[in-house]
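Rule-based calculations on the coordinates, nothing more; no lab input. Computed from a prediction, not measured in an experiment: that's the story for all the values here. Glycine also receives a Cβ, built like all others from the backbone with ideal geometry; neighbour counts cover every protein chain displayed.
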Amino acid sequence: MRTSRKLIRILVAASYFVAVSLLASCGFKDIDKRVFVTAIGIDPSETDDGPYKITLKLSLPVASIKSATGSNYEYLIHDGSTIAEAIRILETHTDKVLELGHTKLIVINESLFETDIKGFMDYFMRRGDIQLVAWVAAAKTSAESILKVEPKTESAVSTTLVNFFGSSGAESPFITSSYLFEFRRNTLSDGINAVVPLVEASKDKTELIVNKSLVVKEKTKPLELNYIETKYFNTLKNGMSGFSYEVERGDVKLIINMDRIRTNYKILMENGQPTSIKVNVKMKGEVGESNKSLLLENLDKYNKIASEEIEGNMTSFLENAQKHDLDPMGFGLEYRTMKLHDKKNVSEWLEAYPNLPIDVHVDVSLKGTGSIE
């Protein structure tokens, strides 16, 4: 019995050895034969070679971070009929393998959002070495010029623009973020429109500015949200706290710092049809700045002033998006969850949404007037 078991083990080991010997080489290349692509830019082509101009931002290796005197990047640029073709040609512009596994940012010229978004984004979703958690951003003027901005604070091993998104770097109510998978999901879904941050460069091309955003709909001109509208989108959609709101009524001007924000909304129905959109927002915080002395006994008055001011601004933002037939909040998705699946649901919502009343109610509760001694 023991002999048969030993023989079986020998035969299994021999079969593994034979199988491994027949495998082809993995083609592994050393790190010094690779160059890392940290960001990809997409612009409309300025030549007849194709509709796209692709810019790759390459992070060049350094001996050590301490010895690096600043950012260390190289750029490869080529026009092509497709993104895949342009990148394939760019592989011949360097003696090293283009490593896309560390690409953290995809920057797209804002004008391209008016075209076939699904078409040019298809490449990034199908390529297995591009992470779905890469950030997507829109570029004012051109993606190439945005990627080539190298602020003095940029280090040799990181891309400054990436630090604007998520919570790893800058945190601001004026900055919205969108992952690649999130952008694709909201682009393909019925009942919601994708929102991406809009990146601009300063006049002297030494600073990057991210405080606006675009609401995107395929084959439609994007709606640009200014920094105030972007802040209210982040408030309503993400319930982000730590925001400051400017409130002005008569001769009183306050800056309210919000510690907690809770948002919920629902679609009111009658006879199976949507009749209105109701949005409720609760905020808690305290006064961060004032042009006048404030009294604790007047907190209810300040609460009312703040509630009415913020309520009006939120209503203006939502109605502006509705006027452009855009739904960044995803009200349409909420409506679809309220009904059994039917192909008519989407068309019914698209017909009803532009004329639905939007009722916003904001309840501000201030804990105090701030610490003044």
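Note on the chain: helix-only mean residue ellipticity at 222 nm, from DSSP H runs of 4+ residues weighted -39500 (n - 2.57) and normalised by residue number, equals -9000 deg cm²/dmol.
The alpha-carbon of Lys292 sits under 16 angstrom from the alpha-carbons of these aspartates and glutamates, leaving out residues fewer than 8 places away in its chain: Glu246, Glu248, Asp251, Glu373.
Normalised by the number of residues in region 225-373, the mean separation of alpha-carbon contacts (under 8 Å, six or more apart) gives a relative contact order of 30 percent. Seen against the Cα atoms of the chain and their longest principal axis, helix 299-323 is set at about 50 degrees.
For a quick check of your reading of the filter: which chymotrypsin sites (Phe, Trp or Tyr not before Pro) in region 73-126 sit in a DSSP loop and have no more than 15 other Cβ atoms within 10 Å?
none
What number, in percent, do you get for the relative contact order of the chain if the mean sequence gap of Cα pairs under 8 Å and at least 6 apart is divided by its residue count? Here the relative contact order equals 12 percent. Full extension of the segment from Met338 to Ile209, taken as 0.36 nm per residue of separation minus the current Cα-Cα distance, would add 42.4 nm. Here's the picture: charge each Lys and Arg Cβ at +1 and each Asp and Glu Cβ at -1 in the chain, and of Gly250, Leu188, Ser172 the one pushed furthest to the positive end of that dipole is Leu188. Placing unit charges on the Cβ atoms only, positive for Lys and Arg and negative for Asp and Glu, gives the chain a dipole magnitude near 1960 debye about its Cα centre. Within the shell of other residues whose beta carbon sits under 12 angstrom from the beta carbon of Leu225, the net charge comes to +1, with Lys and Arg scored +1 and Asp and Glu -1. Inter-label distance, Thr94 to Asn298: 6.2 nm, where each label sits 7 Å from its Cα along the C-beta direction.
Across the cross-link table entries Lys53/Lys205; Lys53/Lys237; Lys323/Lys344; Lys278/Lys339, which are compared at the Cα atoms, the separations over 25 Å belong to Lys53/Lys237.
Between Met125 and Arg9, the modelled label-to-label distance comes to 5.1 nm, taking each label 7 Å out from Cα in the direction of the beta carbon.
Full extension of the chain segment joining Asn264 with Glu74 gains 63.8 nm, where the gain is 0.36 nm per residue of separation less the Cα-Cα distance.
Here the peptides 332-345, 32-45 are ranked by packing, the mean other Cβ count within 10 Å, and the order with the highest first is 32-45, 332-345. Helix 2-22 sits at what angle to the longest principal axis of the chain, using alpha carbons and giving 0 to 90 degrees rounded to 10? Roughly 80 degrees between the two axes. Taking other residues whose beta carbon is less than 14 angstrom from the beta carbon of Ala137, and scoring Lys, Arg as +1 and Asp, Glu as -1, yields -2. Applying 1/(1 + (r/R0)^6) with R0 = 25 Å to the Cβ-Cβ distance of Leu350 and Asp116 gives a FRET efficiency near 0.80.
Distance between the 7 Å Cα→Cβ label points at Asp251 and Ser81: 7.2 nm. Computed over neighbours whose Cβ is under 9 Å from that of Ile358, the net charge equals -1, Lys and Arg +1, Asp and Glu -1. Set against the labelled values (1) 87, 60, 58; (2) 75, 55, 41; (3) 78, 47, 39, Cα extents along the principal axes in Å computed from this structure falls on (1).
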